[in-house]
Amino acid sequence: MGRLFGTDGVRGVAGSDLTAELTMDLSVAAAHVLGDAGAFHASVGRQGRPIAVVGRDPRASGEFLEAAVVAGLASSGVDVLRLGVLPTPAVAYLTTALGADMGVMISASHNPAPDNGIKFLTRGGYKLPDAVENEIEQRLGEKWERPVGASVGRVREAQDEADRYISHVLSTVTGRLDGLNVVLDCAHGAAHMVAPEALTRAGATVETIGARPDGLNINSGVGSTHLDKLQQIVVSRNADVGIAYDGDADRCLAVAHTGEVVDGDQIMAVLAMAMHTEGRLAGDTVVATVMSNLGFKIAMKNAGIDVVETAVGDRYVLEAMKAGGYNLGGEQSGHVLMLDHATTGDGLLTSLQLLAVMARQGRSLAELASVMTRLPQVLINVKGVDRAKASAPELSAAVAVAESELGETGRVLIRPSGTEPMIRVMVEAASAAQAESMAGRLADVVRTACV
């Protein structure tokens, strides 16, 4: 069996790849790795059993997977607080705020409803490093002494913890959002209750779409991966801005009043400029991944802001931020990390901070986002291939030829998906036509060389 953990937890088709049995076994192993009472209780000044908080997005499969997680943890002697449907960043925040020893989020983020996933968080609300994930996998199915009687974990339901999270994100915002007309696309996902409530409390006038989850419609034609509907409504309603979350709301994208999409690079650019001007950007540096558009890097250089580059994945961004003492980083996909306020990407926090810049400066999002010019970028996801062959000689040779053609006017990036049998081909070039042509050629090579 290959490695279970991908770039963002364990994912698969719920009931097929990700079964109740596997989920329970993973939870037991995680309890043994993260919940070893002798390893940490003295450090948090608390006696008794370890504590875990468990949240999920609204997928139908989340109901039985949550039951499996809770059963695995409680049978291992871990007390469990069930948070219900909340965003991933809310689970991360509450892991810290409630002094829990671990957090669990059941979600497949932007994936379709049949998929689901398990994310584990350490004390402090951080995603697991590779070494800890490996240890959890190694301990799957091991023999263990099962607690009995008073030693088994107890399970209780959360009370008012969603409000605690909303109050936290609102406390990070300087000023009010009065006068801003915002359309929120909640992807029929985990943010469908907390996001409209938070923005309304902050003073914005809010209209929602994608805020009626039925367990099967998450990300279906809505959310950060399907922006067409949001673009149309923003323009037709003459709204100031649109915000789109993904299924678990750890990221967001935006739509300007013109209907133009504002991606994660542009959101980071707006936030970085504002924080730089206000003297709040640590080290005058922002952390981004290799997928960030060249236009972002050029804009940051022109503003006197350094860019530290990492591999794709918000946890790699986080590692670089912690190592360098930086407080802003993120990905083009809309994962933005603001370590002054959160330990993970937080779509609601990001959107509030973005809207607050608009309100403080009295400028439209279109004007703010114009600080950077995106070079034409084409991304092709080649599905049904062997992602382990992303460095195949034939493909490497084709990439070398493409890079020679582009010179300093563009770049090529070939990257295997961390969660699916897919290889991503990204090309940036001086013109859209050149980028599309080159990406198409490379995608054809992937289809023949990576099977």
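With a cut-off of at least 1 residues that are in contact with a Lys or Arg (Cβ under 7 Å, 6 or more places away or on another chain) and of a type in the set (S, T, N, Q), name the strands (runs of 3 or more DSSP E) lying wholly within region 367-451.
Those strands (runs of 3 or more DSSP E) span 377-383.
Name the single residue that is surrounded by the fewest Cβ atoms within 10 Å (Cβ to Cβ) among those in region 223-260 being part of a helix (DSSP H, G or I) and of a type outside the set (Gly, Ala, Ser).
ASP228
Residues to consider are ALA433, ALA439; find the one that is out of contact with any Pro (no Cβ under 7 Å at 6 or more places or on another chain), over 29 Å from MET273 (Cβ atoms) and crowded, with 19+ Cβ neighbours inside 10 Å.
Result of the check over ALA433, ALA439: ALA439.
Could you tell me how many of the residues in region 158-185 are outside any helix (DSSP H, G or I) and open to solvent by 40 Å² or more (accessible area, probe 1.4 Å)?
At the first step, the residues of region 158-185 found to be outside any helix (DSSP H, G or I) are 158-160, 172-185.
Those still in the list that are open to solvent by 40 Å² or more (accessible area, probe 1.4 Å) too: 159-160, 174-176, 178-179, 181.
Here the count works out to 8.
Look through region 202-213, keep the residues that are assigned to a loop (DSSP other than H, G, I, E, B) and without any contact (Cβ under 8 Å) to a residue 60 or more places away in the chain, and return whichever of them is farthest from ASP115 (Cα to Cα).
Per the criteria, the residue is GLY203.
Conditions: (1) among the polar types (S, T, N, Q); (2) assigned to a loop (DSSP other than H, G, I, E, B); (3) under 24 Å from ALA359 (Cβ atoms). SER220 meets all but one. Number of the miss?
For SER220, the failing item is (3).
Can you pull out every residue in region 270-324 that is within 18 Å of the chain's Cα centre (by Cα), free of Cβ contacts under 8 Å to residues at least 24 places away in the same chain and open to solvent by less than 50 Å² (accessible area, probe 1.4 Å)?
Correct list: THR310 only.
For region 56-80, give me each residue that is more than 15 Å from SER27 (Cα to Cα) and either open to solvent by less than 10 Å² (accessible area, probe 1.4 Å) or among the aliphatic types (A, V, I, L, M) (or both).
ASP57, ARG59, ALA60, listed by residue number.
Which of the residues spanning region 325-339 are assigned to a loop (DSSP other than H, G, I, E, B) and crowded, with 18+ Cβ neighbours inside 10 Å?
TYR326, ASN327, GLU331, GLN332, SER333, GLY334, HIS335
Identify the residue in region 12-32 that is open to solvent by 30 Å² or more (accessible area, probe 1.4 Å) and in contact (Cβ under 8 Å) with a residue 24 or more places away in the chain and, among all such residues, is farthest from VAL80 (Cα to Cα).
This residue is VAL13.
Checking the conditions here, which among ALA443, ALA392 is modelled with pLDDT of 95 or more and within 30 Å of VAL10 (Cβ to Cβ)?
On the way: ALA392 fails: modelled with pLDDT of 95 or more.
After ruling out the rest, the residue left standing is ALA443.
Between a residue in region 164-189 that is among the charged types (D, E, K, R) and any residue that is in a loop (DSSP other than H, G, I, E, B), which pairs come within a Cβ distance under 7 Å, given they are 6 or more apart or on different chains?
What qualifies is ARG176/ALA202; ARG176/GLY203; ASP178/GLY203; ASP185/GLY210; ASP185/VAL222; ASP185/GLY223.
Can you tell me which of GLN232, GLN266 is at pLDDT 95 or above and under 21 Å from THR310 (Cβ atoms)?
So the residue among GLN232, GLN266 that is at pLDDT 95 or above and under 21 Å from THR310 (Cβ atoms) is GLN266.
Residues in region 186-201: is at least one within 24 Å of GLN353 (Cα to Cα), among the acidic types (Asp, Glu), out of contact with any Lys or Arg (no Cβ under 6 Å at 6 or more places or on another chain) and open to solvent by 20 Å² or more (accessible area, probe 1.4 Å)?
Among the residues of region 186-201, at least one is within 24 Å of GLN353 (Cα to Cα), among the acidic types (Asp, Glu), out of contact with any Lys or Arg (no Cβ under 6 Å at 6 or more places or on another chain) and open to solvent by 20 Å² or more (accessible area, probe 1.4 Å), which makes the answer yes.
What's the number of the only condition in (1) hydrophobic (A, V, I, L, M, F, W, C); (2) open to solvent by 10 Å² or more (accessible area, probe 1.4 Å); (3) in contact with a Ser or Thr (Cβ under 9 Å, 6 or more places away or on another chain) that LEU83 fails to meet?
Going through the list (1) hydrophobic (A, V, I, L, M, F, W, C); (2) open to solvent by 10 Å² or more (accessible area, probe 1.4 Å); (3) in contact with a Ser or Thr (Cβ under 9 Å, 6 or more places away or on another chain), LEU83 breaks only (3).
The values are calculated or read from the model by the stated rules, or taken from the named source; none is laboratory data. Just so you know, these numbers come straight off a predicted model, no measurement behind them. Don't worry about glycine lacking a Cβ; one is built from the backbone with ideal geometry, like all the others, and counts go over all protein chains shown. When the accessible area is computed, the model is the full protein with side chains, heavy atoms only, and any ligands, DNA or RNA have been set aside. Shrake-Rupley method; radii C 1.70, N 1.55, O 1.52, S 1.80 Å.
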